[in-house]
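**Student:** Right, I'll just put the structure down here and ask away after.
Every number in this text was worked out from the coordinates using simple rules, so none of it is lab data. Computed from a predicted model, the values in this text were never measured in an experiment. Here the Cβ is made from the backbone with ideal geometry for all residues, glycine too, and neighbour counts use every protein chain on show.
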Amino acid sequence: KKKKKKKKKKKVRKLKLSTTQDFNAKLLKRGIVYLSRVPPRMGPTKVKQLLSDFGEVTRVYLVEEDKTVRKKRRRAGGSGGKRYTEGWVEFESKKVAKRVGEDLNMTRVTNHKRSVHYDDLWNIKYLKGFKWSHLTEKVAYERRIREQKLRVEMMEVKRENAAYMAQVEAGKKLDFIEERRKKRKEKESGVGGDAGVKGKDEDDGLAKKKRKIRQKKPFEGDSAVAAKSAILGSLV
């Protein structure tokens with residue numbers, strides 16, 4: 001019999017107050033820069049690699065472009081690669097972030113002529129008093145708004161669908177009523193036609209049953225004497 005293995009209990013590491021205080025102090029010293037434009041073919045790893053030459057980068061967040069824009073570009077014959085519209089970069093030091101925002105703004109991304117980003121410029125700005133927590137709150141708020149919009153759109157679609165189905169059912173009822181009316185009219189017209197035919201047959205029968213009165217041929221002759229003699233002969 002196989003022995004049941006005992007589950008090892010996970011050890012919970014307790015954080016010391018001093019370590020948390022040190023971490024919060026480090027967070028206060030960090031600075032953030034804003035990228036108003038992210039060049040094509042540049043992702044978070046590339047941004048971190050380029051900006052790490054000026055100081056230690058702790059975090060990078062880039063906003064992806066809308067999927068509809070990407071589909072339109074692909075249909076037009078452009079590249080279907082992922083692109084970003086804007087971004088935030090966090091440096092370990094506020095001084096470094098401030099210097100980067102002032103020195104790199106409106107300068108070339110790279111001085112290597114063979115590089116893809118040789119003709120691209122940095123659009124960068126230092127955000128004074130801005131914290132990474134503000135960014136997370138902003139992202140969460142935008143996500144909630146987007147979900148709320150989707151919920152409202154779904155409710156509107158359901159309402160329109162229900163109204164359409166109600167109209168379809170009403171149309172079916174009206175069609176059924178029209179069919180019943182047509183059938184009733186056809187029945188009534190059929191009964192009337194049969195009655196008319198019977199009446200015609202009866203009239204024809206009465207006409208056949210009428211007695212025919214025999215009439216004598218008209219008198220022929222010019223003389224009145226012949227007429228009188230014929231009349232007298234018939235009376236006798």
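**Student:** Kindly flag which residue pairs out of K14/K131; K46/K113; K46/K128 have an alpha-carbon separation exceeding 19 Å in this structure.
**Tutor:** In this structure, K14/K131; K46/K128 lie more than 19 Å apart at Cα.
**Student:** If each Cα of the range 40-117 is one equal point scatterer, what is log10 of I(q)/I(0) from the Debye formula at q = 0.10, 0.12, 0.17, 0.22 Å⁻¹?
**Tutor:** Values, matching the q order: -0.30, -0.43, -0.78, -1.07.
**Student:** For the pairs K48/K95; K26/K95; K82/K158; K72/K125; K72/K138, note any where the Cα-Cα span goes beyond 24 Å. The partial results should precede the final answer.
**Tutor:** Values: K48/K95 17 Å; K26/K95 13 Å; K82/K158 33 Å; K72/K125 30 Å; K72/K138 28 Å.
Going by Cα-Cα distance, K82/K158; K72/K125; K72/K138 fall outside the 24 Å limit.
**Student:** With +1 on the Cβ of every Lys and Arg and -1 on the Cβ of every Asp and Glu, and nothing else charged, how large is the dipole of the range 38-123 about its Cα centre, in debye rounded to the nearest 20?
**Tutor:** Using Cβ point charges on Lys, Arg, Asp and Glu, the range 38-123 gives about 580 debye.
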